[in-house]
1. Taking only the stretch 6-34 into account, find how many residues are loosely packed, with under 14 Cβ neighbours inside 10 Å, of a type in the set (D, E, K, R) and over 18 Å from residue 63 (Cα atoms).
2. Could you tell me which of the residues 48, 15, 3 is in contact with a Phe, Trp or Tyr (Cβ under 7 Å, 6 or more places away or on another chain) and either among the aliphatic types (A, V, I, L, M) or on the phi < 0 side of the Ramachandran plot (or both)?
3. Could you please find all residues in the stretch 1-35 being in contact (Cβ under 8 Å) with a residue 24 or more places away in the chain and more than 22 Å from residue 64 (Cβ to Cβ)?
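What follows is calculated from the coordinates using simple rules that are stated; it is not laboratory data. As the structure is a prediction and not an experimental result, all values here were calculated from the model. FYI the Cβ positions are ideal-geometry reconstructions off the backbone, even for glycines, and counts take in every protein chain you see.
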Amino acid sequence: MSGRENILKLASLYGEALRLKRTTVSWRLFQDTNKLDVIEGGRDLLLGRYERAMQFFSDHWPDSVAWPEGILRPPRSPAPASLPEQSGAAA
């Protein structure tokens, strides 16, 4: 499967699982409601945008849906460290 096919397959499964319109999934990935349509139409996707989209899917993939076979899943991003609580008066 090509990178284009991977993104489109993951977008379809993700959208179906969360009952989202394709334009909503496209916005979450690329901040562009038409980008998935453009990719499907054969336009290129820069490597950095592809990697960020794959990371988004890995980090936000629904637990109720199996990750598709044949598509390499990036490791999930570590959870951001929480800031320690401030106590007492300001110095």
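1. Matching residues across the stretch 6-34 total 2.
2. On the way: 48 fails: in contact with a Phe, Trp or Tyr (Cβ under 7 Å, 6 or more places away or on another chain); 15 fails: in contact with a Phe, Trp or Tyr (Cβ under 7 Å, 6 or more places away or on another chain).
Exactly one of 48, 15, 3 is in contact with a Phe, Trp or Tyr (Cβ under 7 Å, 6 or more places away or on another chain) and either among the aliphatic types (A, V, I, L, M) or on the phi < 0 side of the Ramachandran plot (or both), namely 3.
3. Within the stretch 1-35, 1, 3, 4 qualify.
Here's the yes/no breakdown for (1) surrounded by fewer than 14 Cβ atoms within 10 Å (Cβ to Cβ); (2) of a type outside the set (Asp, Glu); (3) in contact with a His (Cβ under 7 Å, 6 or more places away or on another chain); (4) outside any loop (DSSP other than H, G, I, E, B):
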| residue | (1), (2), (3), (4) |
| --- | --- |
| 36 | no, yes, no, yes |
| 45 | no, yes, no, no |
| 62 | yes, yes, no, no |
| 70 | yes, yes, no, no |
